1. Six or more apart or on different chains, Cβ under 6 Å: which pairs go from a residue in region 183-211 that's within 30 Å of L248 (Cβ to Cβ) and hydroxyl-bearing (S, T, Y) to one that's surrounded by fewer than 19 Cβ atoms within 10 Å (Cβ to Cβ) and modelled with pLDDT under 95? Could you list them?
2. Filtering region 236-250 down to residues that are open to solvent by less than 10 Å² (accessible area, probe 1.4 Å) and more than 11 Å from the chain's Cα centre (by Cα), which residue is farthest from P264 (Cα to Cα)?
3. For region 76-83, indicate whether the set of residues that are surrounded by fewer than 17 Cβ atoms within 10 Å (Cβ to Cβ) and under 29 Å from T219 (Cβ atoms) is non-empty.
4. Do we have any residue at all in region 187-195 that's modelled with pLDDT under 95, farther than 15 Å from I86 by Cβ and touching a Gly at 6+ places or on another chain (Cβ under 7 Å)?
5. Being surrounded by fewer than 24 Cβ atoms within 10 Å (Cβ to Cβ), on the phi < 0 side of the Ramachandran plot and at pLDDT below 95 is the requirement here; does D153 meet it?
6. Taking region 217-232 as the search range and keeping residues that are surrounded by 24 or more Cβ atoms within 10 Å (Cβ to Cβ) and of a type in the set (A, V, I, L, M), which one is nearest to T121 (Cα to Cα)?
7. Filter region 156-171 down to residues that are surrounded by fewer than 20 Cβ atoms within 10 Å (Cβ to Cβ) and touching a Gly at 6+ places or on another chain (Cβ under 9 Å) and give me whichever is farthest from I218 (Cα to Cα).
8. For region 133-145, name all the residues that are exposed (fewer than 15 other Cβ atoms within 10 Å of the Cβ) and either free of Cβ contacts under 8 Å to residues at least 24 places away in the same chain or within 21 Å of the chain's Cα centre (by Cα) (or both).
Amino acid sequence: MIPGALASRPTSPTCPTCPTPPLLLAALLAACSSPDAEEANVLSGPGASRITAFTADAGVVRRGAADAGPAAGGAPAEQVAEAGMIGVPGGVFGMGADRIGEGDEQPAHPVTVAPFLLDRTEVTNAEYHACEAAGACRPHDTQSSVDNGFGPDEAFRTPDRPISGVSHADAEAFCAWKGKRLPTEAEWERAARGSDGRKYPWGDTPAEPRLAVYGAVITEDVGSRPRGAGPYGHLDLAGNVWEWVADLYDPYAYRRPTADRGIPGTCDQIRAAQDELRRKMLFGFTGKNPIPDGCDYVLRGGAFNYGGPGLRASNRVHHPGTFRLIMSGFRCAKDWPGGPIEPAE
C-alpha cells in the first residue's frame, strides 16, 4: 500500500481517521457530525443575496447575477481568463465563525485577499488521468475506497466524478502541470462565502440533497448540484470531496498577527501551538481528528460521506499531506493580476 494511505480503517463523516462501520447510515452521519446540530439559527445574515459574479467558462470574464447559481452571461469585462475558471474579486471578507464549530474555526475576523481565479469545479478523473498520461502526475491510490468501507475503487472512477485518493503533493503537481496552483485557505473560504458572511456556499439555509453531495457512500459527477453554487458560481464547494488547499494547518491561525492576511504560522509555530493544546488537554480544539504531531495540511468543503451541518464554509479539517483518501480531492487556483476589487462596505 502507498505510504500515507489509510490501512483498512473505515472513516467517519467528519473525521476520516475515526473508525466507523463500513456502511455509513444517516443516523451515524448525524451522530458524528459537528457538535452544533442546532447551529442553523445561530448566525443570521443576508444569505444568498444578489451579488456580482465573475465567470470564465468561455475564456472571458463576465459579470452577472448569482441568485440562481453560476453566472450566466452579461457584459464582458476587460480581463480574459482561462476556460473552466471563475474570477473571485479581491477585497475584505469575514473568515471564520463565532459560537459554532471547533476552536480552530474561531474567531470570525476580517481578511483581505487579492483577486484570483478558481476552477469552477473540482478536478475530474478525466482531467487527472490526462496528467498521468503526460507523465506529470502519479496514479491515484486505488485501495482507499476498500480500506474505508466504500467498495471497489472503480465505482468512483467514471470520467466526470472528482479525482480522489491523491496526496497534497499530487494535487500540487497537477495544478503546476496546468500552470496553476492550489488556493490558499483564505482564498478558498472567500470563494465559498463572498462578502455577505453566508454560512454555506449557497446561503444560510441548512444543507439538503439538492444543494450538495453528502450523507452518501459515493461521489457524483462534478457540478451535479448547480443549486448549491457559491456566491461567484463555483460548484461543489460543499460536499462531494474534501479539497486540499495550499496552507499548512495552524490551529491558532486566526489568532496570529498575520490573520488579517490569511497567513498561518510557520511549521515551528504550529508545532508549538499543538503542544500547547495537548498540555491544556484541548483535544476537541482541532475538531474530531486528533491534534497533529507534525505539520498537516488543510482540507476544506466536506465530502460525500459527511454530515450536513459540517458543510459550513468556515469548517476546517486537517491531515498529513501524504494521506491519499477516497474522500479527498482538489481544485486549482491562479493569480488574477488586474482583477476587480470589491469596495469595503
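1. S195/E342
2. Applying the filter and picking the extreme gives Y249.
3. yes
4. Yes - at least one qualifying residue is present in region 187-195.
5. no
6. Residue satisfying both the conditions and the ranking: V222.
7. That would be A169.
8. A133, G135, P139
The values are calculated or read from the model by the stated rules, or taken from the named source; none is laboratory data. Note that the structure is predicted; figures quoted are calculated from it, not measured. When we count neighbours, we look across all protein chains shown, and the Cβ atoms used for this are built from the backbone with ideal geometry, even at glycine. Quick note on the areas: whole protein, heavy atoms, side chains included, nothing else; ligands and nucleic acids left out. Shrake-Rupley method; radii C 1.70, N 1.55, O 1.52, S 1.80 Å.
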